[in-house]
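Working notes, beginning with the structure itself.
The values are calculated or read from the model by the stated rules, or taken from the named source; none is laboratory data. Being a predicted model, the structure only gives us computed values, none of them experimental. Cβ sites come from the backbone with ideal geometry, for glycine too, and all protein chains shown count toward neighbours.
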Amino acid sequence: MLSSVQALTALHALLRHPHVGRERIVAYQNEQLRRLIHHAYQHVPYYRQLFDRHHVRPEQIRSVEDLALIPITSRRDLQDLPVEEIVMKAVNPTSLIPSRSSGSSGRPLTVRRSWLEERLHNAYRWRALWSYGLRPTDVHAYVMLARSPRAEDNRLLHRLAEAIGLGRFVVVNCFQSPGDILKDLKKIRPHVISGYASAMAGLAQDIDPAELRAFHLHFVGTGGEMLTPPMRDSIEQAFGAPVYDTYASIEFNILGWQCRQTGAMHTCDDGVVMEVLNGVRAVEEGEEGEVVGTDLHAYAMPIIRYRLGDIVIKGRSACSCGQPFSTIRSLQGRTIDYFHLPDGSLMHPYELGMTNYPWIREFQITQERVDRIVMRIVSGGGQVGREIVSLKHAVATKMGPGVEVLVEEVATIPVESSGKFRPFRSLLSSSGSDVAGTNRGG
């Protein structure tokens, strides 16, 4: 796994890298990549078999350009394997920190990291937030999916930091009404608020701007969904603070963060190798392509040439602001359809809790009418009749009285003609960018 020395070296590098030349970033990427590839081949059964099957030797991968020799891995490739095949040998998977993807792709995946790896990945995120003005003693409120406490939250280092007022963050359940979210924020008295773009836009629409401006925020952070220009304008005007967008995933943590000067997104080049591909071809600046990522600091469960499923427009190889990070101009296709409820309100589809069903390998949920939901499910195999009955009941309860829920077990779920996969679809035409004053409970 990632050693303490490696973690400290990476931490020192991530603090230094905004001030170095582009060539230093490229050299660092290549060095970390060589170390990662050798580790994965020696210690992770999946990658050893993958490399051998395609006649790839670790010593062939000397730089980022050589990554094309390695086949791309999909979520399904990893979902189908026993956990012992995808984590390093001699490591007990139960000792690792599991994080299950939100399901925004329709194909949830559990990613496992060591405690040190988790801290290092979070440090890259904090670097982005520090560049916006977050300070170590600030209180940071996250308006997002509420999560249960995890064992690592009780680590001595974590408790000490909280005790002396460092790195304080509080999660506020985004599925509450805007009024209840405001009540929680007033108790917390944050210096920074981050959350889903639609949740921030909902607050901006529903709450008196004087209440929001009273927080005197350093900035508002958004992520997880597409931030449209009207949403950005609404949030900035209501909160009286700048809005900065970030690009992150469970698989990689922070992938990019908005440049304050140019508006493009800096790519986290010293943490991730981000390829933007059209098929197998690397796209040029200004072209649209699919994100394939390699995590440079994931050793417990390496993620190498992993198809994330996001579509972006590639930017410059180094940002014109002077920092050495490459950029992406925009992230395409992360707008999420909301579901209409019989009482006239809207519900974020994450509230259905699809990540709570580990037997589901892939899903797509379509709202055909206010009173009709169709769920297509690809299971992990075996007899799941009882699980399907339980799932149907849970979704029907969430949607409310009078809503018919149909569950279809299928072998595969095709992508749309655009080549994109939409796990949540409403035929009643409502996306996150339309949400204003109609959140459930409001």
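Would you be able to say whether some residue in the stretch 377-388 is surrounded by 11 or more Cβ atoms within 10 Å (Cβ to Cβ), touching a Leu at 6+ places or on another chain (Cβ under 8 Å), touching a residue at least 12 places away in the same chain (Cβ under 8 Å) and outside the structural domain of Gly202 (by TED's automatic domain parsing)? The answer is yes, given that some residue of the stretch 377-388 is surrounded by 11 or more Cβ atoms within 10 Å (Cβ to Cβ), touching a Leu at 6+ places or on another chain (Cβ under 8 Å), touching a residue at least 12 places away in the same chain (Cβ under 8 Å) and outside the structural domain of Gly202 (by TED's automatic domain parsing). Here Asp343 meets each of (1) in the same structural domain as Ala40 (by TED's automatic domain parsing); (2) of a type in the set (Asp, Glu); (3) more than 17 Å from the chain's Cα centre (by Cα) with one exception, condition (1).
The residues of the stretch 254-271 that are of a type in the set (Val, Ile, Thr) and more than 12 Å from Ser317 (Cα to Cα), listed by number, are Ile254, Thr262.
Applying the condition of being in contact with a Pro (Cβ under 8 Å, 6 or more places away or on another chain) and part of a loop (DSSP other than H, G, I, E, B) to the stretch 14-59 and asking which residue is surrounded by the most Cβ atoms within 10 Å (Cβ to Cβ) yields Val44. For the stretch 84-99, the count of residues that are surrounded by fewer than 19 Cβ atoms within 10 Å (Cβ to Cβ), in a loop (DSSP other than H, G, I, E, B), touching a residue at least 24 places away in the same chain (Cβ under 8 Å) and within 19 Å of the chain's Cα centre (by Cα) is zero. Scanning the stretch 315-328 for any residue that is in contact with a Ser or Thr (Cβ under 6 Å, 6 or more places away or on another chain), surrounded by fewer than 18 Cβ atoms within 10 Å (Cβ to Cβ), over 21 Å from Gly224 (Cα atoms) and among the basic types (Lys, Arg) turns up at least one such residue. Annotation: Ile250 fulfils all but one of (1) under 18 Å from Ile328 (Cβ atoms); (2) under 14 Å from the mean Cα position of the chain (by Cα); the unmet one is (1).
Against the condition touching a helix residue (DSSP H, G or I) at 6+ places or on another chain (Cβ under 6 Å) and either surrounded by 14 or more Cβ atoms within 10 Å (Cβ to Cβ) or in a helix (DSSP H, G or I) (or both), how does Arg422 come out, does it pass? So that I can check it myself, show each step before the final result.
Numbers: touching a helix residue (DSSP H, G or I) at 6+ places or on another chain (Cβ under 6 Å): no; either surrounded by 14 or more Cβ atoms within 10 Å (Cβ to Cβ) or in a helix (DSSP H, G or I) (or both): yes.
No, not satisfied.
Of the listed requirements (1) at pLDDT 90 or above; (2) over 28 Å from Leu227 (Cβ atoms), Lys398 misses just one: (2). For Val291, the requirement of being in a strand (DSSP E or B), closer than 26 Å to Ala27 by Cβ and within 15 Å of the chain's Cα centre (by Cα) is met. When Ile207, Ile250 are screened for being in contact (Cβ under 8 Å) with a residue 24 or more places away in the chain, out of contact with any helix residue (DSSP H, G or I) (no Cβ under 6 Å at 6 or more places or on another chain) and assigned by TED's automatic domain parsing to the domain that holds Phe325, only Ile250 passes. For beta carbons closer than 6 Å, sequence separation of 6+ or different chains, a first residue in the stretch 398-415 that is surrounded by 17 or more Cβ atoms within 10 Å (Cβ to Cβ) and a second that is of a type in the set (Phe, Trp, Tyr), there are no qualifying pairs.
Under the condition of being modelled with pLDDT of 90 or more and among the basic types (Lys, Arg), which residue from the stretch 95-129 is farthest from Pro82 (Cα to Cα)? Steps first, answer last, please.
So the first thing to find is which residues in the stretch 95-129 are modelled with pLDDT of 90 or more, and the list is 95-98, 110-129.
With among the basic types (Lys, Arg) added as a condition, the list becomes 112-113, 119, 125, 127.
On the way: Arg112: 13, Arg113: 16, Arg119: 26, Arg125: 30, Arg127: 35 Å.
Result: Arg127.
Can you work out which of the residues in the stretch 205-245 that are polar (S, T, N, Q) and closer than 30 Å to Arg422 by Cα is surrounded by the most Cβ atoms within 10 Å (Cβ to Cβ)? Of everything passing the filter in the stretch 205-245, Thr222 is surrounded by the most Cβ atoms within 10 Å (Cβ to Cβ). Evaluated against (1) under 22 Å from Cys259 (Cβ atoms); (2) in a helix (DSSP H, G or I), Thr222 falls short on exactly one condition, (2).
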